[in-house]
Structure formats: structure tokens, C-alpha cells
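Beneath this line is the structure, given in C-alpha cells, with notes to follow.
The values are calculated or read from the model by the stated rules, or taken from the named source; none is laboratory data. The structure displayed is predicted, hence computed values, not measured ones. Here the Cβ positions follow ideal geometry from the backbone for every residue, glycine too, while neighbour counts run over all protein chains shown.
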């Protein structure tokens, strides 16, 4: 297979992000006005990249974030494996100090290698990675696609980039993210290397 260039973005801002509410896999929210501006900025910066395919999660905020590329006629596919982690009963809830402490304790557990832990009876990192690997197997099997754009989610992005780069999954928080940030990876000779790390250079002020 030729070298494959993989552009991985987090979706644009949603009202849930703005209001500091827990989102996750079970909340199918849309991007807001700021998110649409972020999507426009990203499109303007990267519209000359000859993308062969766009991949999105099963949640509409990812497709909305790359809709302008799809409108160019670039084919796209949706994979539930690219969905955000499920935060279970915490999803859709406003900030609550007790719930937030549960979240922090669980994240700390992940950093200690307790990757079977879940927040609010949702998904564990091990479960998320299992479905991500299924999605990536499909994406990487398309050997004719040299440039692909993947739209996913914040926590899911951390996990995805972490294991693609062959880091221990408990190191996932080393990979920072923000709305409509980009991780650009290049795959060749059986391994991935980083070209852009959480970049937001495409976003206007």
C-alpha cells in the first residue's frame, strides 16, 4: 500500500460543549454557530487537499463538521466505531460536583491502567478501542484511498490517536484536543507517524 495520509478531527463546538454539559455517544447534538464557523475555517484551509473519502461517526455533529467537503462530491461513510465514548447516566447532565468527581476518579483510574472502568455505566476505554479497531480496519482496507478525513469526538480522538501511535492506552490524556482540532498522521511501512499534533492553526481568531 502506498503512503496514506490520515486527517483526524474533532467535531466543531456544540451547545453542550459551550454549557459544559456531558455529551457522549448517547447525545446526538448539532454543532452551534461557533462550530459552524470552525468547520468553515477548517474547510477553507484544507479544501485543496485531494481527499479520497470522508469518514464520520454515527452522530450528526461529525458529519455537520465536514459537510462542505461532502458537498464537493467527496464520498463519505459513517462508522459507529468512530462514535464518542458513552458516559452512561451522566450524559445530557449539567455540571455537578459529585458527578464530576466520579469522572475525575475514573480518568485517574484509566491513567493507572484500569481500562475496564466506565463512567455512569457507560463504556470503558477497552470497549471503545474494540469498535474503533473495527472501523479503522475498514478504513485502512481501502488501499486506493491515499488521503482520508476522519471526523470523530474528543475522548474518542484521544484513544484513537494513542493506540494508532502504539502508545499504552493509559497515556491517552497525553493527546490534547479542542473543538475542530486536527491530528494528521501518515501511514507507511506498517506504522503511523505524526505530522500535526492537535493543530488549530486553521481556525480564525
Strands (runs of 3 or more DSSP E) wholly inside the range 1-95 containing at least 2 residues that are under 13 Å from the mean Cα position of the chain (by Cα) and closer than 17 Å to residue 150 by Cα: 4-10, 53-56
So which residues in the range 117-136 are on the phi > 0 side of the Ramachandran plot and loosely packed, with under 15 Cβ neighbours inside 10 Å? 121
Within the range 108-131, how many residues turn out to be under 19 Å from the mean Cα position of the chain (by Cα), more than 11 Å from residue 87 (Cα to Cα) and not in a helix (DSSP H, G or I)? 1
Would you check if residue 101 is free of Cβ contacts under 8 Å to residues at least 40 places away in the same chain and part of a loop (DSSP other than H, G, I, E, B)? no
Can you tell which of 22, 98, 66 is in contact with a strand residue (DSSP E or B) (Cβ under 6 Å, 6 or more places away or on another chain) and either at pLDDT below 95 or buried (at least 21 other Cβ atoms within 10 Å of the Cβ) (or both)? 66
Which residue out of 139, 85 is surrounded by 15 or more Cβ atoms within 10 Å (Cβ to Cβ), in contact with a strand residue (DSSP E or B) (Cβ under 8 Å, 6 or more places away or on another chain) and in contact (Cβ under 8 Å) with a residue 60 or more places away in the chain? 139
Being under 25 Å from residue 45 (Cα atoms), surrounded by 14 or more Cβ atoms within 10 Å (Cβ to Cβ) and without any contact (Cβ under 8 Å) to a residue 40 or more places away in the chain, is that true of even one residue in the range 167-190? yes
Pair list, Cβ under 6 Å, 6 or more apart: the range 6-28 residue over 23 Å from residue 68 (Cα atoms), other residue buried (at least 23 other Cβ atoms within 10 Å of the Cβ): 22/87; 24/84; 24/87; 25/83; 25/84
Does residue 134 satisfy the criteria of being under 16 Å from the mean Cα position of the chain (by Cα) and either under 20 Å from residue 177 (Cα atoms) or in contact (Cβ under 8 Å) with a residue 40 or more places away in the chain (or both)? yes
